[in-house]
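Taking it in order: structure first as structure tokens, then the write-up.
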Amino acid sequence: MKLSNRILNDIGNKYGQSFYILDSRQFITNYEELQKAFRDIYPNSHIAYSYKTNYTPKLCKLVDQFGGFAEVVSDMEYNIALKVGVMPKNIFFNGPYKDSSAVEELLLAGGTVNIDSDFDLQIIKEIASKHPENELSVGIRCNFDVKDGVVSRFGFDVDGNEFITAISTICEISNLKLNGLHCHFATRSIETWPNRAEGMLKLAQDYFDEPPSFISLGGGLYGKMGESLKAQFDVEIPTYEDYAKAVAPQFRDFYKGLDISKQPMLIIEPGSALVGDAMKFAAKVVSIKDIRGKKIATLAGSIYNINPTLNKKNPPITVYHDENCENRQLEYENLDFGGYTCIESDYLYRGFNGKLAVGDYVVFDNVGSYSVVLKPPFILPNFAIVEYDYESNSVNLIKRRENFDDLFHTFEF
Ligand SMILES: Cc1ncc(COP(=O)(O)O)c(C=O)c1O
């Protein structure tokens, strides 16, 4: 059974008028397809899911169940990983600002911390001297030019003295083990991917006597999207296979002849590529106005629910008409969907053409990444997340709607 206005209303009546709809099957399909694309070329490829993109515990747990790693960038995310049962050895701690006690706990438990700066190095040096009997696993974040036109602020400039000093400091400390190299570049452009592999393999050769246990190429991959969304990008959207073909053959050739147990793990850290199309957002039409000829519908939802980075793209939408008021539906041209906030620019979608009436539901597709995790507590707390099972027509609550107390119990009244 597909979604309908009645089903959406039933969910809305129970969990709050607007809500996110999670599709964990799509998430799993994406995970398996992406992993396969890389493993077909370089079998020792692994996925470390970028928690920050969408840390819904169900998704984090699925990644763990499917043998993936957790890529976390704060003690908060580290605690999510622990809470969903991820073994510390499968946690990679990245990011420019790390809580020292979380770093200590993870290192002592066998996880890996990727050092981003001298700040991290000093924390880790102290931890190492406090626990001389423990071998601590670290990586180092490498920053080099991948020809994306950006001077990234993360990690160490591999051509600078600080990088060499950091590597020698790590090597001088007997209980620190430099297990791997990490990089991440925000650009999703496929052209930069071969440069990542080339740069990292060169560093592995220059700085390791034996192959490292991992080389992480980070995230920054486009996910799957419908044609209407693809058409809004000025580049061709690469497939998972395109990304794999851009880097995995270099790894395969570089480590040719080595037993797989000696080959480094090729780690990728996808967020958006796994979760983008695994979440929808359903919002009800609450009013339709005509302002000096401009048609505007207000929804019980906001751009901040689906696209808090305000990237100006129109997500794919489906309108579910209220079957009880079919005669009230009018045909509109170039109608904009506005949000519930008081910000003038809060539009979820521009230029809708078609039938619409108050009471209809608009369902926005491809809203899984950087949405629920970035939604500000502005004007309204966030809505529920549900999972709808089309086969059994049942609804599973993933996160209840936030309430007043969730937001205000930290304030003094
Ligand atoms: C270190 C690191 N890895 C992975 C990601 C995930 O990126 P994306 O969702 O673009 O794949 C990010 C995003 O900022 C990141 O900083």
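Rule-based calculations on the coordinates, nothing more; no lab input. On a predicted model such as this, the values are computed, not experimentally measured, just so you know. Using ideal geometry, Cβ is built from the backbone for each residue, glycine included, and neighbour counts are taken over all protein chains shown.
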Magnitude of the Cβ-charge dipole (Lys and Arg +1, Asp and Glu -1) of the range 24-276 about the Cα centre, nearest 20 debye, reported as 760
In nm, the gap between the two label points placed 7 Å beyond Cα toward Cβ at Lys312 and Thr29 is 3.2
Of the range 227-248, those with amide N under 13 Å from the point 7 Å along the Cα→Cβ vector of Lys36 are 240-241
Counting Lys and Arg as +1 and Asp and Glu as -1 over every other residue whose Cβ sits under 10 Å from the Cβ of Phe233, the net charge comes to +1
Note: probe point = Cα of Asp259 + 7 Å toward Cβ; backbone nitrogen < 18 Å; residues of the range 195-234 passing the test are 210-214
Residue-normalised 222 nm signal for the chain, counting each DSSP H run of n ≥ 4 as -39,500 (n - 2.57), nearest 500 deg cm²/dmol, is -9000 deg cm²/dmol
Cα-based Rg/(2.2 N^0.38 Å) for the chain, rounded to two decimals, is 1.08
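Please report Leu181, Leu335, Leu374 as a ranked list, fewest other C-beta atoms within 10 angstrom at the top and most at the bottom.
In increasing order of surrounding Cβ atoms, one gets Leu374, Leu335, Leu181.
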Quick note on Leu258, Leu22, ordering by fewest other C-beta atoms within 10 Å, gives Leu258, Leu22
Of the listed links Lys61/Lys280; Lys230/Lys295; Lys52/Lys294; Lys36/Lys58, those spanning more than 28 angstrom between alpha carbons are Lys52/Lys294
Listing Ser228, Ser101, Ser213 by rising number of other beta-carbon atoms within 10 angstrom, fewest first, gives Ser101, Ser228, Ser213
Quick shape check on the range 51-150: root eigenvalues a ≥ b ≥ c of the Cα gyration tensor, a/c under 1.5 is rounded, otherwise prolate if a/b tops b/c, else oblate, and it reads oblate
Within the chain, the percent of DSSP beta bridges that are antiparallel, given to the nearest 5, stands at 45
Over 22 Å (Cα to Cα) among Lys83/Lys399; Lys89/Lys262; Lys89/Lys202 -> Lys89/Lys202
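Using 0.36 nm times the number of residues separating Ser174 and Glu241, minus their current alpha carbon distance, what extension gain do you get?
20.0 nm
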